[in-house]
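Data first, discussion second: the structure below is written as C-alpha cells.
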C-alpha cells in the first residue's frame with residue numbers, strides 16, 4: 001500500500017483548518033516535554049489566527065456599513081443567544097432552538113451517510129473484484145459523482161415527496177461515490193503478497209477477501225468515509241431547500257429569504273464547526289480502529 | 001505430528017515421493033516476448049528430505065518453488081506433491097522472502113489465523129499458538145503488534161505460521177535473504193533444529209552456498225536461465241546431535257562448501 005501514490009493526497013480531504021489536533025499527526029513524538037511545548041505553540045497559533053480572523057470580520061462589517069450585507073460578530077453572537085432561548089414567547093428560530101435545528105440536520109447526515117457508506121462499501125468491493133462490473137458501473141458512479149446534489153433533488157422530490165425520504169436519499173447518493181471509489185481502488189490494489197500468503201495457508205477466496213483484502217483496504221476506505229461525510233455535510237443545505245425547517249440548512253434558507261444575514265452566518269458557523277468536530281471524531285476513531293495504517 | 005516429534009512422517013507402505021517433477025518447463029510470457037525460466041527439469045524428492053535449491057538470481061529457482069506450491073502451472077511437464085497436482089493451501093506450508101504477516105493481527109493472531117485456515121477448532125487454537133511460537137524460539141510476543149518486533153522475529157513468526165497446518169511439505173523461498181548476518185545465522189540454526197525434530201520434507205531456495213551446505217540434506221545447483229540441474233548432491237552431514245559450530249568446523253563441511261561453490265560459479269558463468 002505504501003506504493004500507492006494517491007494515498008497521501010487523498011488522506012487529507014479539504015479540511016483547511018484541522019481544529020482537533022490529530023493524534024495521528026505524530027506517531028513518533030519526541031520527548032514528552034518537547035511534545036507539550038510544540039502542542040502549546042500550535043494551540044497558541046490557532047487562537048491568534050482565530051482572533052485575527054474575528055478582527056478582520058469586524059473590520060469588514062464596519063467597512064460595509066450594512067448589517068444585512070455583513071453582520072458584525074456581535075450581531076451573530078446576539079442571534080446565537082436569541083436562538084438558543086425562548087424570548088417573547090418565541091422559541092429559538094421557527095419554534096426550534098439552534099441546537100435542535102443542528103441535531104435534526106446531524107441526524108439526517110448520520111442516517112444518509114450511513115446508508116451511502118454501506119451501499120458504497122458493497123458497491124466498491126464488487127467494483128474492485130469483478131472486472132466486467134467495474135467496466136459497466138464505473139462511468140455511472142463517476143457520472144453521479146459529477147452531479148450537484150441540487151440537480152437530482154428535484155427528481156427525488158417527484159419520486160418521494162417532500163418529507164424526510166428525499167433528504168435521506170439525497171445525502172445517501174451524495175455520500176456513496178467517495179466510499180465506492182476509495183473502496184474499489186483499495187480492493188483492486190490489494191497487496192498480492194499478503195493475499196498469496198493467505199491462500200498458501202489454506203484460505204478460501206472469501207476468507208482472503210474478508211481477512212486480507214478488506215483489512216488492507218480499511219485505511220483507504222476510512223479516508224473515503226471521511227470524504228463521504230464531508231460531502232453529506234456540504235449537501236445538507238441542498239437537501240433542506242424544500243421543507244427543510246427544522247434543520248440547520250432549512251434555517252439558513254429561511255433566514256436568507258427574510259434577509260436575516262446574522263442568522264445565515266450563525267447557521268454557516270454551526271454547520272462548519274460541527275463538521276470540524278465530526279471529522280475530528282472520525283480521525284480519532286481511525287487511529288483507534290486502524291493502528292496498522294501506513295504499515296501494510 | 002507435533003505430539004511425536006521424532007516419529008517419521010512416512011506412513012508405512014507408501015512410496016509416493018513428497019515432490020516429483022517430470023520434464024517440467026516453464027515459460028513466462030512478457031512484454032519483451034516469452035522468457036524460458038526453467039527446465040526441462042526432472043526431480044524426485046523423497047519424504048523427509050531437506051532439499052536446498054541453489055543458484056544465481058534469475059535461474060528459475062523461485063519459479064520452481066512457485067510451481068511446487070501450486071501458484072503457477074508448468075508450461076509443460078508434470079508437478080506432483082504427495083502424488084497429486086499441487087494446490088495452494090493444501091499440503092504445503094510456505095515461507096516467503098518477506099514475512100508477509102498481517103499487520104491488522106497481533107503476532108499470536110497471525111498464527112491463530114493459520115490454525116483456523118488449517119481447520120483447527122477454536123479451543124485447540126488458543127493452546128497451540130504459544131506452542132508454535134515457542135518452537136521457533138519466540139516467547140512473550142503473542143500480544144505484540146507486527147511492527148513492534150524485529151525483522152528476524154517476524155520471519156520466525158512466518159515460519160511458525162507455515163508450520164501451523166502440519167502440512168507434509170515446507171517450502172521456503174530465500175526466507176533469510178533480507179536479514180542481517182547474525183540474525184540469519186541464528187535462524188538457520190533454529191530452522192535446522194526444528195527441521196530435524198519434525199523430519200518434514202522441505203524445499204529451501206537460496207543463493208547462498210553456505211546456507212545450502214548448513215541446512216540441506218540434499219543440495220541441487222541450478223544453471224543459469226532456463227534453470228536446469230547442474231549438480232545434485234546428497235549431503236552426508238549429521239542432522240542431529242551436533243552443535244552448529246562443530247558442524248561448520250568439520251572437514252567434510254568445508255569440502256562440500258567448496259564443491260557446491262565451484263558448481264554454482266560454473267553454472268552462473
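Listed values, structure above:
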quantity: On Cα atoms only, tilt of A:98-129 relative to the major axis of chain A in degrees; calculated: 20 degrees
quantity: Cβ-Cβ FRET estimate between residue B:210 and residue B:240, R0 fixed at 22 Å, reported to 0.05; calculated: 0.60
quantity: Estimated distance in nm for a label pair at residue B:266 and residue A:52, the labels positioned 7 Å out from Cα along Cα-to-Cβ; calculated: 7.7 nm
quantity: Ranked by how many other beta carbons lie within 10 Å on average, peptides B:134-140, A:223-229, A:137-143, B:41-47 from highest; calculated: A:223-229, B:41-47, B:134-140, A:137-143
quantity: Inverse mean reciprocal Cα-Cα distance (Kirkwood Rh) of the range B:101-166, Å; calculated: 11.3 Å
quantity: Normalised contact order of chain B, rounded percent, pairs of Cα under 8 Å and 6 or more residues apart; calculated: 26 percent
quantity: Peptide A:202-209, shielding by other chains (average Cβ, 10 Å cutoff); calculated: 4
quantity: Highest-fluctuation residue, A:63, A:119, A:185 considered, GNM on chain A with Cα pairs under 10 Å; calculated: A:63
quantity: Candidates A:234, A:113, A:49: whichever shows maximal mean-square fluctuation once chain A is modelled as a Gaussian network with Cα springs under 10 Å; calculated: A:49
quantity: The range B:34-134 - percent relative contact order, Cα under 8 Å, separation 6 or more; calculated: 15 percent
quantity: Kirkwood Rh (inverse of mean 1/r, distinct Cα pairs), the range B:161-255, angstrom; calculated: 14.4 Å
quantity: Beta bridge orientation in the protein assembly as shown: antiparallel %, DSSP, nearest 5; calculated: 55 percent
quantity: Spherically averaged projected area in nm², based on the convex hull that wraps the Cα atoms of chain A; calculated: 19.6 nm²
quantity: Packing-based exposure ordering (other Cβ within 10 Å, fewest first) of B:117, A:258, B:253, A:93; calculated: A:258, B:253, B:117, A:93
quantity: Sites residue A:276 and residue A:206, calculated FRET efficiency, Cβ-Cβ separation with R0 41 Å, nearest 0.05; calculated: 0.55
quantity: Pairwise label distance in nanometres, residue B:123 with residue B:259, each label 7 Å out on the Cα-Cβ vector; calculated: 5.3 nm
quantity: Alpha-carbon centroids, the range B:57-111 and the range B:188-211: separation in whole Å; calculated: 16 Å
quantity: Between 0 and 90°, nearest 10: helix B:251-268 axis offset from chain B longest Cα axis; calculated: 60 degrees
quantity: On Cα atoms only, tilt of B:181-198 relative to the major axis of chain B in degrees; calculated: 80 degrees
quantity: Cβ-Cβ FRET estimate between residue A:284 and residue B:73, R0 fixed at 51 Å, reported to 0.05; calculated: 0.60
quantity: Within 10 Å of each Cβ in B:85-97, the average number of Cβ atoms from other chains; calculated: 3
quantity: Choice from A:175, A:52, A:270 with maximal GNM fluctuation in chain A (Cα, 10 Å cutoff); calculated: A:52
quantity: From the C-alpha gyration tensor of the protein assembly as shown, square roots of 5λ in Å; calculated: 64, 26, 21
quantity: Relative contact order %, the range B:101-166, counting alpha carbon pairs below 8 Å whose residues are six or more apart; calculated: 49 percent
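We did not get these values from a lab; they are worked out from the coordinates using the rules stated. Only a predicted model underlies this, so the values are computations on that prediction, with no experimental measurement involved. FYI the Cβ positions are ideal-geometry reconstructions off the backbone, even for glycines, and counts take in every protein chain you see.
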